[in-house]
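Heads up, the thing below is written out as structure tokens.
Computed from the coordinates by the stated procedures, all read-outs in this text should not be read as laboratory data. The structure displayed is predicted, hence computed values, not measured ones. Backbone-built Cβ (ideal geometry, glycine too); neighbour counts: all protein chains shown.
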Amino acid sequence: MESGAKVKLRGVPVGRVAGVEPGSNPVRLKLELYPDQIRHIPANTQAQIRATTIFGAKYVDLIYPEHPSTQYISAGAVLQSRNVSTEVNTIFHNLVDVLAKIQPAKLNAMLSAMADAVGGRGERIGEATTAANRVLGEINPRMSTVQADWRSLTGATDAYSAAAQNILATVDAFSTTSATIAGGLQALIENPDQLQRLTVNPELMPLATEEMIRWVTPVKEFMRTAAADTSVRGVPIAKGESVYLSYVSANRDEEVFDEPFRFDVGRNPNKHLAFGFGVHFCLGAALARMEVSSFFSELVPRVKSIELNGEPELIATTFVGGLKHLPIRYSLR
């Protein structure tokens with residue numbers, strides 16, 4: 001952990017680490033919180049040290065309490081970390097468990113077996129030691145090259161750390177596409193007239209794909225930070241303030257969509273924002289559309305009947321998600 005590391009609450013940056021105070025006692029971190037975020041942090045909040053990836057930088061994750069205090073955090077408050085000594089305690093606990101299970105008689109038998117194994121083999125052990133010494137003699141002159149290789153590896157790990165978020169974003173695309181397919185199937189089951197319409201008119205598939213994406217909206221929300229003072233529909237937003245973007249709400253906007261709460265496989269135009277907007281537009285949009293369209297182009301003509309066979313279950317999430325279980329009963333043509 002270094003000075004300048006991020007402090008986050010529910011994934012949103014709310015401050016930074018202003019200083020680290022090492023010592024024989026537990027290490028103390030001095031946190032500098034953004035003034036506009038104080039009102040979102042209860043006084044009984046706890047902290048935990050986390051890392052973005054295995055090679056990534058550490059940050060302080062503020063744990064929102066199950067029963068938040070009515071008071072906000074204030075200057076000079078002391079937060080208790082939940083993982084300062086966990087690893088050390090775990091190591092000693094496991095070590096004590098191992099020592100408690102050692103049986104002296106068996107340990108003695110094992111040591112005797114080891115002594116028998118090496119007995120009379122002193123000459124070969126000596127030869128092996130000499131050979132190892134020769135190997136080390138060859139390696140030592142090359143240590144500068146080894147050190148250079150390690151420095152190069154450091155550069156590679158730094159590059160991995162910088163790319164980690166993009167890699168995770170790529171993996172997240174798998175879950176968004178599967179959520180769209182499952183949610184689209186549920187919409188067709190619950191709107192059999194639209195399923196029949198799509199079956200009879202397969203040329204509607206491109207429009208149906210867009211409607212499924214709008215209907216499901218697998219990315220539910222994002223938080224952004226205002227880069228300058230502005231206002232939205234008369235509501236002032238100051239520079240540095242956090243702004244909540246609800247894509248689900250945008251894709252049900254009555255001013256943009258006719259009957260936005262109706263699933264319509266022929267909806268046109270369909271100016272949904274499920275893929276974001278501007279510089280944040282999803283790079284995988286074309287691939288996602290192709291996957292959804294390909295799946296239903298193969299499925300719909302083959303389905304003779306389909307219905308729910310239980311209660312659908314959603315993933316508990318406020319970010320990316322959709323259905324966890326969709327029990328169905330079906331027959332094919």
Once His280 and Phe319 are pulled to full extension, the length gained, defined as 0.36 nm per residue separation minus their Cα-Cα distance, is 12.5 nm
Once amide hydrogens are built 1.01 Å from N within the peptide plane, the residues lying 5 or more places from Ile73 or on another chain with amide H under 5 Å from its amide H are Ile41, Ala43
Computed ³J(HN,Hα) along region 323-333: with the Karplus parameters 6.51/-1.76/1.60, θ = phi - 60°, integer Hz and x for glycine or proline, the list is 7, 9, 9, 9, x, 9, 10, 8, 9, 10, 6
For region 200-214, in residue order, the Karplus 3J(HN,Hα) values (coefficients 6.51, -1.76, 1.60; θ = phi - 60°; whole Hz; Gly and Pro = x) are 6, 10, x, 5, 7, 4, x, 5, 5, 4, 4, 5, 5, 5, 5
With a Förster distance of 51 angstrom and the Cβ-Cβ distance between Leu136 and Ser242, calculated FRET efficiency to the nearest 0.05 equals 0.35
Diffing region 221-227: the Karplus 3J(HN,Hα) column from phi (6.51, -1.76, 1.60, θ = phi - 60°), in whole Hz with x for Gly and Pro, holds 7, 9, 9, 10, 10, 5, 8
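Quick check for me: using +1 on Lys/Arg Cβ and -1 on Asp/Glu Cβ, what's the dipole size of region 165-332 about its Cα centre, in debye to the nearest 20? Don't skip to the end; give the middle numbers.
Details: 15 positive and 20 negative charges, 49 e Å.
The dipole magnitude comes to about 240 debye.
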The long-range amide H neighbours of Glu221, using H built 1.01 Å from N in the peptide plane and a cut-off of under 5 Å, are Tyr247
Any residue on another chain or 5+ positions along whose placed amide H is under 5 Å from the amide H of Val14 is listed here as Val7, Lys8, Leu9
Surrounding charge for Ala5, neighbours by C-beta under 13 angstrom, Lys/Arg +1, Asp/Glu -1, total +3
Quick note on Leu287, Leu136, ordering by fewest other C-beta atoms within 10 Å, gives Leu136, Leu287
Expected sort for 192-198, 129-135, 62-68 on mean C-beta neighbours within 10 Å, highest first, is 192-198, 62-68, 129-135
